[in-house]
Amino acid sequence: MAFSCKKDNQTIYSFQYDLKDWIALKKEKNSDFTMSCCGDLATLKTSRLGTQFFAHKIRPNSSSCSTDGESDEHMDIKRLVMQELSENGWSVEVEKRGATPNGEEWIADIYAEKGKAKIAIEVQWSPQAFIETKRRQEKYAQSGVRCAWLLRSGSIKARNAIVGDYAYSTKDLPVFSIYKNNRQDGQTYMVYNVNKLKLDSYDPLEPIALELEDFIKSLVSSRIRFIKKYSPVRRLYLKIIKQNCWNRRCGGTTKVVTRMYFKEIVFGIEIEYLFQSEAIDDCDNQMVSMLNSQFAKAYNFVPLRRRYSKTVGGSYVANSCIHCDALMGKHFIGYYNDEDPSMVKTHCINIPNKGDLIEHGESFEFGKWVLIDN
Ligand SMILES: [Zn+2]
Ligand SMILES: [Zn+2]
């Protein structure tokens with residue numbers, strides 16, 4: 001089975017003909033149709049699902065010839081992919097042979113170029129181990145070809161691209177599931193493992209399914225992008241309140257830092273979890289000097305420092321009165337500062353994310369494929 005052949009020494013593609021022209025082509029008696037693989041005579045065929053293709057007129061001898069043993073659906077999917085690529089301005093080649101700089105060979109189901117971009121789309125019909133997919137992907141990467149995988153799923157539940165090892169989703173291996181519900185008439189091929197951003201929630205992604213053609217169009221126009229779940233930075237801000245100095249000889253009011261508050265960046269979206277804050281008492285020196293340099297002057301508080309407290313019988317990082325430098329005890333700072341009318345939130349700064357919140361089986365590389373609307 002092939003999607004291209006030579007017509008009088010010129011390459012033609014079966015998916016570029018509509019049915020009427022395809023039938024007319026079949027009737028052309030004066031043209032010579034030969035297979036691209038070996039130059040033997042070719043015949044024009046149409047599958048039960050309407051896929052147009054070329055086959056050897058006589059069973060080929062060479063094992064390097066394209067075989068006729070693919071299922072109708074497999075062919076149908078490849079045809080739809082090629083058609084969509086072609087309509088979007090890509091020059092498409094089927095079963096393109098190439099090699100890595102080290103001479104390792106590959107054959108791409110569907111290969112396409114547009115400008116400097118080189119892509120491959122593999123339609124994987126029989127189950128393929130994750131490790132094998134990764135190995136084949138590396139060959140494409142070494143050859144400067146960006147490859148995406150469409151793994152066939154037998155049922156709507158067993159979506160291969162999302163379960164097992166494939167669940168560890170990273171940017172270097174774009175893997176999607178393709179599924180068609182044959183029990184219902186008029187169903188189209190749907191592609192899974194794409195998500196949509198929803199901005200109003202602690203869980204910013206929602207899985208969606210796209211029709212095959214829509215998926216291909218979105219993929220090659222960079223509307224499906226990989227977004228890492230975790231960011232190398234977190235956001236930090238402070239809440240600051242006004243207090244009266246306890247020192248009777250002073251009696252002034254001064255600003256004190258209550259706690260540090262954090263926002264996580266998940267799939268590129270800032271999320272503030274409830275109660276995600278930390279006291280300043282145990283801050284290390286590095287954090288203390290960062291808080292002082294980023295906020296003390298701008299928000300007019302005395303730089304924080306580790307001080308001895310008689311009340312506690314030990315030392316901790318504390319606020320001090322701006323007038324008399326008295327230690328402003330941590331016991332006088334409430335937890336729910338939002339109710340304090342003098343409360344001010346500072347701007348946010350970036351601090352390194354040490355990865356404490358990374359979930360089991362994930363890493364900084366982990367992420368998801370997201371459809372960008374615009
Ligand atoms: Zn051949
Ligand atoms: Zn004071």
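Of everything in the range 214-272 that is among the polar types (S, T, N, Q), over 25 Å from PHE301 (Cα atoms) and out of contact with any strand residue (DSSP E or B) (no Cβ under 7 Å at 6 or more places or on another chain), the residue that is farthest from ligand 1 (Cβ to nearest atom) is SER222. Of all residue pairs spaced 6 or more apart or on separate chains, none has beta-carbon atoms under 7 Å together with a first member in the range 343-371 that is assigned by TED's automatic domain parsing to the domain that holds ALA296 and without any contact (Cβ under 8 Å) to a residue 40 or more places away in the chain and a second member that is basic (Lys, Arg) and open to solvent by less than 30 Å² (accessible area, probe 1.4 Å).
Of everything in the range 35-51 that is more than 40 Å from the chain's Cα centre (by Cα) and open to solvent by 30 Å² or more (accessible area, probe 1.4 Å), the residue that is nearest to ligand 2 (Cβ to nearest atom) is CYS38.
Residue-wise test of (1) touching a strand residue (DSSP E or B) at 6+ places or on another chain (Cβ under 6 Å); (2) of a type in the set (A, V, I, L, M, F, W, C); (3) away from ligand 2 (no atom under 16 Å from the Cβ).
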position	(1), (2), (3)
ALA55	yes, yes, yes
SER91	yes, no, yes
GLU105	yes, no, yes
LYS118	no, no, yes
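Within the range 309-329, being within 16 Å of ligand 2 (Cβ to nearest atom) and within 20 Å of LYS239 (Cα to Cα) holds for ALA318, ASN319, SER320, CYS321, ILE322, LEU327, MET328, GLY329.
Which one of these is in contact (Cβ under 8 Å) with a residue 60 or more places away in the chain and not β-branched (Val, Ile, Thr): LEU219, LEU173, LEU274?
Checking each option against the conditions leaves just LEU219.
The strands (runs of 3 or more DSSP E) located wholly in the range 314-374 that include 2 or more residues which are open to solvent by 50 Å² or more (accessible area, probe 1.4 Å) occupy 349-352.
Checking each residue in the range 1-34 for being open to solvent by 60 Å² or more (accessible area, probe 1.4 Å), more than 14 Å from ligand 1 (Cβ to nearest atom), in contact (Cβ under 8 Å) with a residue 12 or more places away in the chain and in a strand (DSSP E or B) picks out only THR11. Is it the case that the range 221-235 has a residue that's more than 15 Å from PHE332 (Cβ to Cβ), open to solvent by less than 20 Å² (accessible area, probe 1.4 Å) and away from ligand 2 (no atom under 16 Å from the Cβ)? Checked the range 221-235: at least one residue is more than 15 Å from PHE332 (Cβ to Cβ), open to solvent by less than 20 Å² (accessible area, probe 1.4 Å) and away from ligand 2 (no atom under 16 Å from the Cβ). Give just the number: which of (1) in contact with a Gly (Cβ under 6 Å, 6 or more places away or on another chain); (2) at pLDDT below 95 does SER143 not satisfy? Condition (2) is where SER143 drops out. Among strands (runs of 3 or more DSSP E) entirely within the range 38-126, having at least 1 residues that are not assigned by TED's automatic domain parsing to the domain that holds LYS217 singles out 42-46, 52-56.
The values are calculated or read from the model by the stated rules, or taken from the named source; none is laboratory data. The structure presented is a predicted model; accordingly, all values stated were derived computationally and were not measured. Glycine gets a Cβ as well: all are built from the backbone with ideal geometry, and neighbour counts include every protein chain shown. When the accessible area is computed, the model is the full protein with side chains, heavy atoms only, and any ligands, DNA or RNA have been set aside. Shrake-Rupley method; radii C 1.70, N 1.55, O 1.52, S 1.80 Å.
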